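Written below as structure tokens is the structure these notes are about.
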Amino acid sequence: MGVDEEKTNTCGTICLKYLLFTFNLLFWLAGGAVAAVGIWTLVDKSEYISLLASSAYSASAYVLILAGFVVVATGVLGCCATIKEHRGFLIVYFVLLLCIFLLEITAGVLAYVYYQELSDELKVNLKETMVNKYEQLGEDHVTQAVDKLHQDLKCCGSNNYSDWRDGVWIKALAGERVVPDSCCKTPSYLCGRRDHPSNIYNVEGGCIHKLEEFLLQHLKILGGVGIGLAFIQLVGMIFTCCLYQNLKEDPY
């Protein structure tokens, strides 16, 4: 009877080892994918971040990148702990999984919270940033972001091209122009002197609408990846606890 029970326990331990080892390989690959998603979020149209008043968008991406790299390192530790059947390593592995779980939940929550606040933030801050910081001394990053925003999203001004009639730029730096040259469908020097729809981008909702769509798409991906992988990790934690209970006490 005791022999049969021991064989059952041994078989269960072996099965758990293989399950956890397979999970770690997938987890290791997933960590790389998570870090890649975070980096892609920051790199893809990274200039737009300078137009945002809140740092929540970039913070959620940085948290996800950190979690991804920690996942890769933790996956290696998990494989070692599984192969060696070392209870101490398994405890460390479980704690790291828990920390990564919390990191990814944080990234997902940040993305979700900012998702709810994004529209209001853009309405309040985008026009002010564009018309008062464009081509100002020390604000080159804003100037480049606005120019790229106009050309990439084919829009002009925060709400529409008439936004450029107010603010510091039109009073001090515009010269003969009524809109920045980057508003033109075919940009050239001083092309912004004409604000006719045949010459400039004039879309309904302006750049606010286009930028909001772009950022919301990225925030959905950030939130989904962060929270989705976090719950997958629960499976890993359960396997770890089961294997820990099945292993014999370390004789040392």
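The values are calculated or read from the model by the stated rules, or taken from the named source; none is laboratory data. What you see is a predicted model; the values in this text were computed from it and never measured. Here the Cβ positions follow ideal geometry from the backbone for every residue, glycine too, while neighbour counts run over all protein chains shown. Ligands, DNA and RNA are excluded from the accessible area calculation, which covers all protein heavy atoms including side chains. Shrake-Rupley method; radii C 1.70, N 1.55, O 1.52, S 1.80 Å.
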Are there any pairs with C-beta distances below 8 angstrom linking a residue in the stretch 39-62 that is charged (D, E, K, R) to a residue that is open to solvent by 50 Å² or more (accessible area, probe 1.4 Å) and modelled with pLDDT of 80 or more, with the two at least 6 apart or on different chains, and if so which? LYS45/LYS148; LYS45/ASP152; GLU47/HIS141; GLU47/GLN144; GLU47/LYS148
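Return yes or no: is GLN136 open to solvent by less than 50 Å² (accessible area, probe 1.4 Å), touching a helix residue (DSSP H, G or I) at 6+ places or on another chain (Cβ under 8 Å) and polar (S, T, N, Q)?
Details: open to solvent by less than 50 Å² (accessible area, probe 1.4 Å): yes; touching a helix residue (DSSP H, G or I) at 6+ places or on another chain (Cβ under 8 Å): yes; polar (S, T, N, Q): yes.
Yes, satisfied.
Within the stretch 182-205, does at least one residue satisfy the condition of being closer than 18 Å to HIS150 by Cα, among the basic types (Lys, Arg) and in a loop (DSSP other than H, G, I, E, B)? Don't jump to the end; show me each part of the working.
Kept after step one, since they are closer than 18 Å to HIS150 by Cα, are these residues of the stretch 182-205: 182-205.
Okay, now just the ones that are also among the basic types (Lys, Arg), so 185, 193-194.
Keeping just the survivors that are in a loop (DSSP other than H, G, I, E, B) gives 185, 194.
Yes, some residue in the stretch 182-205 is closer than 18 Å to HIS150 by Cα, among the basic types (Lys, Arg) and in a loop (DSSP other than H, G, I, E, B).
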Check the stretch 87-103 and report whether any residue there is open to solvent by less than 70 Å² (accessible area, probe 1.4 Å), small (Gly, Ala, Ser), part of a helix (DSSP H, G or I) and touching a Gly at 6+ places or on another chain (Cβ under 8 Å). no
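One line per residue, one yes/no per condition, for (1) of a type in the set (D, E, K, R); (2) open to solvent by less than 10 Å² (accessible area, probe 1.4 Å); (3) touching a residue at least 40 places away in the same chain (Cβ under 8 Å):
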site	(1), (2), (3)
LEU173	no, no, no
TYR201	no, no, yes
GLU213	yes, no, no
PHE231	no, no, no
Subset of the stretch 116-132 (residues that are under 23 Å from ASN160 (Cα atoms), open to solvent by 60 Å² or more (accessible area, probe 1.4 Å) and not acidic (Asp, Glu)): LYS123, VAL124, LYS127
Mind checking which residues of the stretch 46-71 are at pLDDT 80 or above and open to solvent by 30 Å² or more (accessible area, probe 1.4 Å)? TYR62, LEU66, PHE69, VAL70
Given (1) within 30 Å of SER158 (Cα to Cα); (2) modelled with pLDDT of 75 or more; (3) assigned to a helix (DSSP H, G or I), identify the lone condition not met by VAL76. (1)
Criterion violated by SER182 - all others in (1) closer than 17 Å to LEU52 by Cα; (2) crowded, with 19+ Cβ neighbours inside 10 Å; (3) among the polar types (S, T, N, Q); (4) free of Cβ contacts under 8 Å to residues at least 40 places away in the same chain satisfied: (1)
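So which of ALA145, ALA107 is more than 23 Å from SER188 (Cβ to Cβ), assigned to a helix (DSSP H, G or I) and open to solvent by less than 30 Å² (accessible area, probe 1.4 Å)?
Working: ALA145 fails: more than 23 Å from SER188 (Cβ to Cβ).
Going through ALA145, ALA107 in turn, just one is more than 23 Å from SER188 (Cβ to Cβ), assigned to a helix (DSSP H, G or I) and open to solvent by less than 30 Å² (accessible area, probe 1.4 Å): ALA107.
Would you call HIS218 under 17 Å from LEU51 (Cα atoms), open to solvent by 60 Å² or more (accessible area, probe 1.4 Å) and out of contact with any His (no Cβ under 9 Å at 6 or more places or on another chain)? Give the derivation first.
Numbers: under 17 Å from LEU51 (Cα atoms): yes; open to solvent by 60 Å² or more (accessible area, probe 1.4 Å): no; out of contact with any His (no Cβ under 9 Å at 6 or more places or on another chain): yes.
So HIS218 fails the test.
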Condition met for SER158 (open to solvent by less than 10 Å² (accessible area, probe 1.4 Å), out of contact with any Phe, Trp or Tyr (no Cβ under 7 Å at 6 or more places or on another chain), at pLDDT 85 or above and in a loop (DSSP other than H, G, I, E, B)): yes
